[in-house]
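The block underneath contains the structure these notes are about, expressed in structure tokens.
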């Protein structure tokens, strides 16, 4: 039986969807017309004005690429089981640190899920939406509802730097009961960018991020490498209480 607080949150979310008039998006729209859908729904313009103002505060950021298409192999260890998943990714530079990403996951060559996200520098997710291909509709987007603290310098990390982001998140139609999160990211010593993918040049900055909840309990940990020549980070590891995933880039095509 669901916990009372979970039932309440589901009820509030359902009520908010009715009051807010947020219609479900069909899976076909997300999968077959992703570029147009992302252009409409995953830009800085969809962020709450106070959130966007906080993200944009500071010196402009630039990344010297237009789009990167890359393929990833994920090795997942979960509760004693080991599985693999592959993904095809399209990363689009939306300007000033904003990155749009479409990820299509597959197992044994069969696609099963599409994720659309808007991130800052490829590290912090500002908006995300998941679509399971065997369902009629996509899930509601998960939004950053409030930024309590945002270290924009994360977009150009320096060795030894520590960067903190505190936020509250919730689904688009949600009007209350937001989830608090705190992320603290530390930048390590430079490594060759080729450690992420053989075709990358220059150096990279490893970044370790730890997410905690309102009680200070660790929710998950993520590892990235920020590629200086591209101005964006690629995730290399994810760890939670249940699982650990490691990501290896198998191919990458950078369009300048």
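The values are calculated or read from the model by the stated rules, or taken from the named source; none is laboratory data. Everything quoted here is computed from the prediction, not taken from an experiment. Cβ: placed from backbone, ideal geometry, glycine included. Neighbour counts: every protein chain shown.
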Filtering region 83-99 down to residues that are touching a strand residue (DSSP E or B) at 6+ places or on another chain (Cβ under 9 Å) and not in a strand (DSSP E or B) yields 97
By residue number, the members of region 191-227 that are crowded, with 16+ Cβ neighbours inside 10 Å and either at pLDDT below 95 or assigned to a loop (DSSP other than H, G, I, E, B) (or both) are 196, 197, 200
Heads up, the strands (runs of 3 or more DSSP E) in region 119-176 (entirely inside) with at least 2 residues that are in contact (Cβ under 8 Å) with a residue 12 or more places away in the chain, out of contact with any helix residue (DSSP H, G or I) (no Cβ under 7 Å at 6 or more places or on another chain) and farther than 21 Å from residue 45 by Cα are 162-171
Residue pairs qualifying under the 7 Å Cβ cut-off, at least six apart or on distinct chains, with the first in region 236-256 being part of a strand (DSSP E or B) and the second being surrounded by fewer than 14 Cβ atoms within 10 Å (Cβ to Cβ) and modelled with pLDDT under 95, are 243/78
Flagged in region 177-186 as surrounded by fewer than 21 Cβ atoms within 10 Å (Cβ to Cβ) and either closer than 23 Å to residue 247 by Cα or without any contact (Cβ under 8 Å) to a residue 40 or more places away in the chain (or both), in numbering order, are 178, 179, 180, 181, 182, 184, 186
Residues of region 58-81 being modelled with pLDDT of 95 or more and part of a strand (DSSP E or B), in sequence order, are 67, 68, 69, 70, 71, 72, 73, 74, 75, 76, 77
When residue 174 is run through (1) surrounded by 16 or more Cβ atoms within 10 Å (Cβ to Cβ); (2) closer than 26 Å to residue 229 by Cα, the failure sits at (2)
Only one of 45, 39 is exposed (fewer than 14 other Cβ atoms within 10 Å of the Cβ), in a helix (DSSP H, G or I), under 21 Å from the mean Cα position of the chain (by Cα) and modelled with pLDDT under 95, namely 39
